[in-house]
Amino acid sequence: MKLEAKIPSGPLADKWTEYKAHTALVSPANKRKHTILIVGTGLAGGGAAAALGELGYKVKAFCYQDSARRAHSIAAQGGINAAKNYQNDGDTVFRLFYDTIKGGDFRAREANTYRLAEISNEIIDQCVAQGVPFGREYSGYLANRTFGGAQVSRTFYARGETGQQLLLGAYNSLNAQVNAGNVDVFERTEMLDLIVIDGVARGIVVRDMVSGEVSSHFGDAVLLCTGGYSNVFFLSTSAKGCNGSALWRAYKRGAAFANPSFTQIHPTAIPQSGDFQSKLTLMSESLRNDGRVWVPKKAGDDRPPNQIPEDERDYYLERIYPSFGNMVPRDVASRNAKNVCDEGRGIGPTKRGVYLDFAVAIERLGVDVIKDRYGNLFEMYEMINDEDPYETPMMIYPAPHYTMGGLWVDYDLMSTIPGLFVLGEANFSDHGANRLGASALMQGLADGFFVIPNTLGQYIAKGKHPEVDPNCDEVRKVEQDAKDFNQKLLDIKGSKTVDYFHRAMGMIMLDKCGMARSKEGLNEAIEKIGKLKEEFWADVKVPGTGESLNQELEKAGRVADYFDLAILMCLDAREREESCGGHFREEHKTEEGEARRDDENFCHVTVWEHMGEDQAPQAHKEELEFEYVELTQRSYK
Amino acid sequence: MKLTLEIWRQKDANDKGHFETYELDNVSSHMSFLEMLDVLNQELIEKGEEPVAFDHDCREAICGTCGFVINGVAHGHMKRNTVCQLHMRTFKDGDHLVLEPWRAKAFPMVRDLIVDRSAFERIQRAGGYISARTGSAPDANSILIPKEQAEAALDFAECIGCGACVASCPNGAAMLFVGARIAHLGFLPQGQPERAERAKAMVAAMEQEGFGACTNYTSCEATCPKGVSIVGIAKMNKDYFNAKLFGGGNLGGKE
Ligand SMILES: Cc1cc2nc3c(=O)[nH]c(=O)nc-3n(C[C@H](O)[C@H](O)[C@H](O)COP(=O)(O)OP(=O)(O)OC[C@H]3O[C@@H](n4cnc5c(N)ncnc54)[C@H](O)[C@@H]3O)c2cc1C
Ligand code: FES
């Protein structure tokens with residue numbers, strides 16, 4: 001497998017401009033002749049559909065929800081970064097780029113990350129023009145807050161609902177294009193497979209989730225914008241329907257998977273409260289601006305928080321990382337929370353929790369200011385936990401949240417299958433081994449609104465794109481495969497529910513492929529998940545038929561893919577004999593317990609190629625070259 | 001705790017539909033309402049029965065996917081809530097709960113507790129946006145917006161499009177939903193150029209979908225999970241009548 005990143009030559013700061021100046025264009029009259037299929041309507045897919053529709057392409061967009069506006073981007077809370085330097089605190093495009101590369105522990109591509117930082121400013125302009133009501137100062141100027149891993153204030157926000165507001169902005173632009181006749185949206189439609197003809201992506205097989213009908217759509221390019229796969233852990237901050245199936249099925253058709261094990265466990269979610277729990281709720285990272293994280297100094301201290309005097313509290317992030325304090329990046333914050341709980345100092349009924357305390361901020365700023373900043377998050381917390389965070393500190397614990405890994409793409413965002421592009425959280429490209437807060441929204445919008453409109457033209461202009469015969473053997477076969485797959489699940493008629501298997505797999509993954517990993521543990525996980533997968537295919541019970549709305553069938557298909565993806569994640573984590581970012585290998589740590597990178601042997605992206613159903617996948621490498629940043633031991637002390 | 005659930009079951013749009021009664025034991029007070037239904041569904045599947053279909057996704061009260069009527073109230077008895085964030089600690093042992101889908105002419109039945117809300121899509125597509133071509137925006141700080149005005153826009157922009165307003169309106173009106181979008185964009189300077197056209201187009205689309213008229217019951221506001229205010233309806237009416245009277249273009253007037 002050839003991995004050509006196609007990074008433009010020239011100085012880092014000029015690459016994107018030069019690229020745009022020389023890329024091939026498609027004439028306005030010809031764009032209309034090209035159909036582009038976009039799977040996903042979050043910030044990445046919704047943005048791409050709107051922007052490509054504006055350019056005059058014929059766009060078909062798909063989502064599994066009943067409205068494009070319900071994509072999981074809607075749930076993002078805290079904010080979106082941009083290098084505007086409106087605060088005059090020394091921010092520049094280079095600094096945003098540097099923070100992001102360093103935050104990712106030097107495992108992302110310089111050129112992609114720089115482009116992201118460069119586009120960040122245009123994004124804010126565009127969102128404001130769309131009518132996104134960002135937070136403002138009394139003067140009417142835009143306001144900012146600080147996010148983890150940065151010492152400047154560059155995050156734009158709309159209360160604790162930034163994702164909702166940004167997605168509505170993108171959704172409105174999408175709707176304008178639907179109204180203009182350039183975009184068709186197919187809701188409650190799930191992609192089941194990718195159609196590859198003569199080595200080129202030419203279509204998708206989908207299932208109408210209401211009627212159960214399986215059909216195909218054809219186009220000259222396919223864009224996967226299907227989000228992340230954190231639900232492999234069962235409990236995560238993802239929506240229940242978030243899945244890895246579109247990616248996985250494309251992988252099986254030849255799209256390589258990069259760094260699958262790079263996952264982010266977010267430090268501030270509400271702890272699990274029981275075995276029936278169906279998901280974990282995030283409490284935005286922005287809360288760490290004003291909240292202080294602590295646990296009792298003594299192990300097993302059962303007193304309520306307000307009875308533990310100051311000098312018996314351990315504000316461990318402030319103690320260990322004096323220069324970043326509570327604002328260390330997520331991987332560092334999560335790992336430390338795990339450590340203090342492993343030491344027996346965890347709090348709450350399960351002892352897997354730490355406090356996030358606002359008392360000092362409330363005293364300093366007053367309740368009104370705190371309410372203005374985080375009102376809806378506090379409300380949500382109280383709703384779930386029945387405790388008032390204005391009075392008692394919040395209880396939080398890390399939760400699976402984001403997947404940095406994804407399908408491999410080149411600078412154009414094209415995967416290893418020509419014509420298949422991957423945008424947003426679904427690709428691997430910009431965040432390395434750990435993503436900084438407020439940078440996923442930025443990436444989704446960058447990829448959708450600003451990158452793909454400039455990189456797709458090259459592919460469309462240079463290729464031939466003959467019409468697809470809907471009755472050709474390739475199409476027939478993929479459709480039949482997709483139908484057979486679902487039928488096979490329905491025919492098992494075993495004794496255990498899909499959720500039973502998903503939960504069991506999630507527990508293994510969280511334990512062995514979560515915040516800390518070891519070779520031994522990963523081997524154990526691979527074996528256990530393999531067994532569970534066998535049991536699933538022999539004993540799962542999927543009621544109903546394929547010819548109607550069937551939520552259990554939808555879940556079963558996703559979980560079937562998660563088994564294979566989980567195993568690939570474990571293989572990837574085992575292969576990488578170093579610690580970096582969210583990937584923490586017990587065998588590779590410094591004396592102080594921090595992640596120890598191995599730049600000599602692992603300064604690369606691991607790219608996995610599917611070799612067939614019962615064959616081991618093959619690992620390839622894309623070496624990472626750093627010309628503009630010096631690889632240092634990441635320190636937030 | 002123990003609950004009796006009377007749930008609307010309907011295979012598809014052609015089926016007549018009926019209530020089915022289920023007894024559920026061992027409901028924990030820590031559960032959310034949807035987690036309680038998850039437990040019921042696991043039991044049904046294990047018994048070889050079809051699980052109850054209900055819409056949901058984020059389970060964080062933000063995507064607007066979930067929603068049904070509990071004992072006559074959209075999203076249940078807690079104010080400013082969605083069923084996914086409704087917690088079982090607010091119920092009592094022995095409670096008898098009747099669960100029904102949103103019932104409105106403009107929302108055809110899909111299955112069990114799921115309805116088809118695509119009418120909302122068509123209304124938003126008719127004109128619920130600002131046409132801002134990608135790449136043409138000026139610097140974000142070149143448009144100054146007083147804080148209160150941005151906050152007021154956000155109060156309306158928080159609408160999650162769940163449809164509870166329609167379901168709880170005796171007339172099946174969608175005014176709160178449409179008014180929210182019109183008010184959100186109408187409060188912002190960027191939204192002014194298309195303000196009149198937007199009101200006309202959205203109202204026309206709304207009427208075409210078969211939503212009822214507003215006769216000031218205000219039950220929409222009372223059940224809205226985001227507390228969207230009926231002031232949005234007034235703004236919508238004002239924009240609509242001004243647009244009708246004075247034609248298109250900028251409606252002028254500071255809000
Ligand atoms: C609770 C939470 C809070 C967050 N807060 C922040 C924040 O403050 N700042 C930040 O920068 N990032 C944040 N993130 C991360 C960020 O929201 C996501 O990474 C980003 O929005 C992903 O956008 P996307 O467009 O790639 O995918 P998504 O928005 O997840 O969209 C995926 C789309 O794909 C569709 N889809 C998926 N599978 C299929 C299929 N098989 N067939 C058809 N359609 C399919 C879905 O219907 C959906 O339309 C947060 C994430 C979570 C979960
Ligand atoms: S499931 Fe998203 S609002 Fe309830």
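The values are calculated or read from the model by the stated rules, or taken from the named source; none is laboratory data. Because the structure is predicted, anything quoted here is derived from the model rather than measured. Positions of Cβ are generated from backbone atoms using ideal geometry, with glycine treated the same way; all protein chains shown enter the neighbour counts. For the accessible areas, the whole protein counts, side chains as well, though only heavy atoms, and no ligand, DNA or RNA atoms are used. Shrake-Rupley method; radii C 1.70, N 1.55, O 1.52, S 1.80 Å.
Out of region B:178-203, which residues are hydrophobic (A, V, I, L, M, F, W, C), assigned to a helix (DSSP H, G or I) and more than 12 Å from the chain's Cα centre (by Cα)? Break it down stepwise before answering.
Step one: filter region B:178-203 for residues hydrophobic (A, V, I, L, M, F, W, C), giving B:178, B:180, B:182-183, B:185, B:187-188, B:196, B:199, B:201-203.
From the residues that got through so far, the ones that are assigned to a helix (DSSP H, G or I) too are B:178, B:180, B:182-183, B:185, B:196, B:199, B:201-203.
B:I182, B:A183, B:L185, B:A196, B:A199, B:A201, B:M202, B:V203, listed by residue number.
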Being in a loop (DSSP other than H, G, I, E, B) and open to solvent by less than 10 Å² (accessible area, probe 1.4 Å) is the filter; apply it to region B:73-100 and report the residue that is farthest from ligand 2 (Cβ to nearest atom). B:G76
Just wondering, is there one or more residues in region A:101-118 that are modelled with pLDDT of 95 or more, within 16 Å of ligand 2 (Cβ to nearest atom) and touching an Asp or Glu at 6+ places or on another chain (Cβ under 6 Å)? no
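Being within 16 Å of ligand 2 (Cβ to nearest atom), of a type in the set (S, T, Y), touching a residue at least 12 places away in the same chain (Cβ under 8 Å) and open to solvent by 10 Å² or more (accessible area, probe 1.4 Å) narrows it down to one residue among B:T218, B:T223; which is it?
One residue alone meets the criteria, B:T223.
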Considering only residues that are crowded, with 24+ Cβ neighbours inside 10 Å, away from every other protein chain (no Cβ under 14 Å) and within 11 Å of ligand 1 (Cβ to nearest atom), which ones fall in region A:229-246? A:Y229, A:G244, A:A246
Among the listed residues B:I70, B:I45, B:I62, identify the single one that is surrounded by 17 or more Cβ atoms within 10 Å (Cβ to Cβ), at the interface with chain A (Cβ under 8 Å from one of its Cβ atoms) and closer than 20 Å to B:Q10 by Cα. B:I45
Those residues of region A:531-559 which are open to solvent by less than 20 Å² (accessible area, probe 1.4 Å), farther than 14 Å from A:Y500 by Cβ and in a helix (DSSP H, G or I) amount to A:L553, A:G557
So, in region A:51-65, of the ones that are within 7 Å of chain B (Cβ to nearest Cβ) and in contact with a helix residue (DSSP H, G or I) (Cβ under 7 Å, 6 or more places away or on another chain), which residue ends up most open to solvent (accessible area, probe 1.4 Å)? A:E54
Identify, from the list A:L192, A:L168, A:L223, A:L174, the residue that is open to solvent by less than 20 Å² (accessible area, probe 1.4 Å), within 16 Å of ligand 2 (Cβ to nearest atom) and either within 14 Å of chain B (Cβ to nearest Cβ) or not in a helix (DSSP H, G or I) (or both). A:L168
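Residue-by-condition table, conditions (1) closer than 18 Å to A:A446 by Cα; (2) within 16 Å of ligand 2 (Cβ to nearest atom); (3) at pLDDT 95 or above:
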{"residue": "A:Y19", "(1), (2), (3)": "yes, no, yes"}
{"residue": "A:V26", "(1), (2), (3)": "no, no, yes"}
{"residue": "A:T41", "(1), (2), (3)": "yes, yes, yes"}
{"residue": "A:G56", "(1), (2), (3)": "no, no, yes"}
{"residue": "A:S67", "(1), (2), (3)": "no, yes, yes"}
{"residue": "A:D89", "(1), (2), (3)": "no, no, yes"}
May I ask you to list pairs of residues, at least six apart or on different chains, whose Cβ atoms are under 9 Å apart, with the first in region A:354-367 being assigned by TED's automatic domain parsing to the domain that holds A:A299 and the second being aliphatic (A, V, I, L, M) and open to solvent by 20 Å² or more (accessible area, probe 1.4 Å)? A:V354/A:M395; A:Y355/A:M395; A:L356/A:M395; A:A361/A:V369; A:I362/A:V369
Within region B:196-205, restricting attention to residues that are surrounded by 24 or more Cβ atoms within 10 Å (Cβ to Cβ) and within 14 Å of chain A (Cβ to nearest Cβ), which residue is farthest from ligand 2 (Cβ to nearest atom)? B:R198
Quick one: count up the residues across region A:561-583 that are within 16 Å of A:T606 (Cα to Cα) and within 21 Å of the chain's Cα centre (by Cα). 15
Among residues of region A:503-515, those that are open to solvent by less than 20 Å² (accessible area, probe 1.4 Å) and farther than 25 Å from B:F54 by Cα, counted: 3
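Yes/no per residue for (1) open to solvent by 40 Å² or more (accessible area, probe 1.4 Å); (2) modelled with pLDDT of 95 or more:
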residue	(1), (2)
A:Y316	no, yes
A:R319	yes, yes
A:S323	yes, no
A:A337	no, yes
A:P349	yes, no
A:D357	no, yes
A:F378	no, no
A:D388	yes, yes
